[in-house]
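Beneath this line is the structure, given in structure tokens, with notes to follow.
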């Protein structure tokens, strides 16, 4: 049996960012990751920091846009500080995003999207096909319309995970890989319910109304903590009574043997994106599939991605395939993340980020830290459901 100030469950970008900031603040931190650090959604993320390109309609989408813009503004300093703390070179890029339409129907939809963003006062520029191809000569001559978001950024998520782990350890955090959590601990007799009951969905509901005081590991070790932060991504619903589900995404990793040059900016299109890393590597993604915890890579999903991307960037067919991967995003019913302390159990939630976990890592860590040190984060109530 052990004890700590903060127990973080989940070692992706969100959990690691929380662990780093907590350790920086002088708190004792233990982080438990079921597999390797960053092996979940962070491992397959493209790293687009694109709140403007992702902007949608409706109240929830508006709140997500607000949160995304706040976090995007934090990223330059966050990346600089992280690079220094980890002794690595920042992999943040600020080359902007091109949203591209390939036919008349997509062009009409893009016109509406650009007008909507302009009404919100967001920084977007409508481009004719020739203007877009002047910026990105690799685009096909058949494109019908494009929109430029000049301020958007990208980051390499694998650098992010590695740098966060280095920085957190340097600050004193205890990061434990291959350490699955069996269940949460509370001040209730139902803590003794078998783990198999919980995994089968039979956990008594009254358990979740009790204060959470720690976690029981699969190894049968228990860790007690003043605060427990749930950052287990798509697996969060296996540990707490929250509406988080897995949303499957398949991606391809590509490399140009000639080096960089095919693209400078992120290319987004209806159904996917192509993200340059700046060194001849590219990420092509991503499918959106409601298939539970299935991680199968399918020929159909990858064919669709390649077909759509090659209609806009023909040179993608000449790239070498270096990886085919599927991952699970943590989705919620309204696509808003769950960030903040549950008033009934005291559990601090940092999950449900869906497609925006990398983008929202800095703001999530900041909101969680305000909670851990005892002050209420602005707007936090809107994210705890």
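The table below lists the values:
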quantity: Residues satisfying the stated conditions in region 277-293, i.e. in contact (Cβ under 8 Å) with a residue 60 or more places away in the chain and more than 17 Å from the chain's Cα centre (by Cα); calculated: 277, 278
quantity: Criterion: part of a loop (DSSP other than H, G, I, E, B), closer than 26 Å to residue 220 by Cβ and over 20 Å from the mean Cα position of the chain (by Cα) - qualifying residue of 7, 27; calculated: 27
quantity: Filter pass, residue 137 being out of contact with any strand residue (DSSP E or B) (no Cβ under 7 Å at 6 or more places or on another chain) and either outside the structural domain of residue 262 (by TED's automatic domain parsing) or under 30 Å from residue 11 (Cβ atoms) (or both); calculated: no
quantity: Some residue of region 36-58 being in contact with a helix residue (DSSP H, G or I) (Cβ under 9 Å, 6 or more places away or on another chain), in contact (Cβ under 8 Å) with a residue 24 or more places away in the chain and more than 30 Å from residue 251 (Cα to Cα); calculated: no
quantity: Selection within region 309-326 - in contact with a strand residue (DSSP E or B) (Cβ under 9 Å, 6 or more places away or on another chain) and more than 12 Å from residue 285 (Cβ to Cβ); calculated: 311, 312, 313, 316, 319, 320, 321, 322
quantity: Region 203-239, residues that are closer than 16 Å to residue 343 by Cα, modelled with pLDDT of 95 or more and touching a helix residue (DSSP H, G or I) at 6+ places or on another chain (Cβ under 7 Å); calculated: 227, 229, 230
quantity: Qualifying residue in region 258-272 (condition: without any contact (Cβ under 8 Å) to a residue 24 or more places away in the chain, surrounded by 15 or more Cβ atoms within 10 Å (Cβ to Cβ) and not in a loop (DSSP other than H, G, I, E, B)); calculated: no
quantity: Checking residue 168 against (1) under 25 Å from residue 318 (Cβ atoms); (2) crowded, with 20+ Cβ neighbours inside 10 Å; (3) touching a helix residue (DSSP H, G or I) at 6+ places or on another chain (Cβ under 9 Å), the condition it does not meet; calculated: (1)
quantity: The listed residue being within 30 Å of residue 72 (Cβ to Cβ) and either out of contact with any helix residue (DSSP H, G or I) (no Cβ under 9 Å at 6 or more places or on another chain) or at pLDDT below 95 (or both), out of 156, 162; calculated: 156
quantity: Filter result for residue 340 (within 22 Å of the chain's Cα centre (by Cα) and either in the same structural domain as residue 135 (by TED's automatic domain parsing) or within 28 Å of residue 142 (Cβ to Cβ) (or both)); calculated: no
quantity: Unique match (being crowded, with 18+ Cβ neighbours inside 10 Å and either touching a residue at least 40 places away in the same chain (Cβ under 8 Å) or not in a helix (DSSP H, G or I) (or both)) among 65, 122, 110, 114; calculated: 65
quantity: Residue selected from region 30-61 under the condition under 18 Å from the mean Cα position of the chain (by Cα) and either outside the structural domain of residue 353 (by TED's automatic domain parsing) or assigned to a helix (DSSP H, G or I) (or both), by the criterion farthest from residue 159 (Cα to Cα); calculated: 60
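The values are calculated or read from the model by the stated rules, or taken from the named source; none is laboratory data. Note that the coordinates shown come from a computational prediction; the quantities given were computed from them, not determined experimentally. A quick note on method: Cβ atoms are made from the backbone with ideal geometry, for glycine too, and the neighbour counts reach across all protein chains shown.
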